[in-house]
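Following: one structure in structure tokens, then a few remarks.
Bear in mind that the values in this text are calculations on the coordinates, not laboratory data. Values in this document were obtained by computation on a predicted structure and should not be read as measured data. Positions of Cβ are generated from backbone atoms using ideal geometry, with glycine treated the same way; all protein chains shown enter the neighbour counts.
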Amino acid sequence: MFQQVNLQDVVRVPPDKFGSPLEKVALELLKLKYESTINPEHGYLILVTKVEVDKVGKIIAGDGATYHRVRFEVLAFYPLKQELVEGEVVEVTDFGAFVRIGPADALLHLSQIMDDYLTSDVKSGIITAAQSKRTLRVGSKVRVRITAVSLGHGISMGKIGVTCRQPFLGALEWIEEEITKASKARKADERGK
């Protein structure tokens, strides 16, 4: 789930930045510290926005910098268990596929794709089902449910597990096939009554 998160911190403005606009300096420093990191409480921190800086800072003896309190917003992505998300297959491996959901890649294990014998062709980037002949390939758009979330701290990537072993999940073309089949079955039942 994407969300705007309000945070507070203190930024150290070095002497060589004195004379530059305080908000601009604070934004640069906050971007370096927060963007592209993971916070266990807020998830993947993507973009720092709306910085408010206290004009009056503090000076610490022996340090020529000034320290200012800042309030700012961060665009964050926090994957929630049981959440349905759409993404794109970005890599096929011997054990499954990685699906890009928002700023992160989630693991779609072979056992979580479908009830069928699957083979992975890593070189071609394709997973093929033996009976149904359905394929999942790099670039396929998929709808999945998040089943596991383990977020690290800092720049560690964290881990997200997903499944598509439920009705109306999987490659978007599979879902369209299921909807068409269900619609035809419903129409046949209505005619039979």
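Structure summary
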read-out	value
Backbone HN-Hα couplings from phi across the stretch 72-77 [Karplus 6.51/-1.76/1.60, Hz, Gly and Pro as x]	8, 10, 10, 7, 10, 10
Dipole in debye (nearest 20) - the stretch 38-83, about Cα centre, beta carbon charges: Lys, Arg +1; Asp, Glu -1	120 debye
Phi-based couplings in Hz for the stretch 160-175 (Karplus 6.51, -1.76, 1.60; Gly and Pro marked x)	10, x, 9, 9, 9, 8, 9, x, 6, 10, x, 4, 4, 5, 5, 5
Cα-based equivalent ellipsoid of the stretch 2-77: semi-axis lengths in Å, sorted from largest, via gyration tensor	25, 12, 10
Distant-in-sequence amide H partners of residue 93 (H built 1.01 Å from N, under 5 Å)	98
Cα-based convex hull volume of the stretch 61-170 per residue, rounded to whole Å³	149 Å³
For the chain, fraction of C-alpha pairs farther apart than 23 Å, in %	58 percent
Under Karplus coefficients 6.51, -1.76 and 1.60, residue-wise ³J(HN,Hα) of the stretch 26-34 in Hz, glycine/proline x	4, 4, 4, 5, 5, 4, 4, 7, 10
Net charge dipole size for the chain [Lys, Arg +1 and Asp, Glu -1 on Cβ; Debye, nearest 20]	400 debye
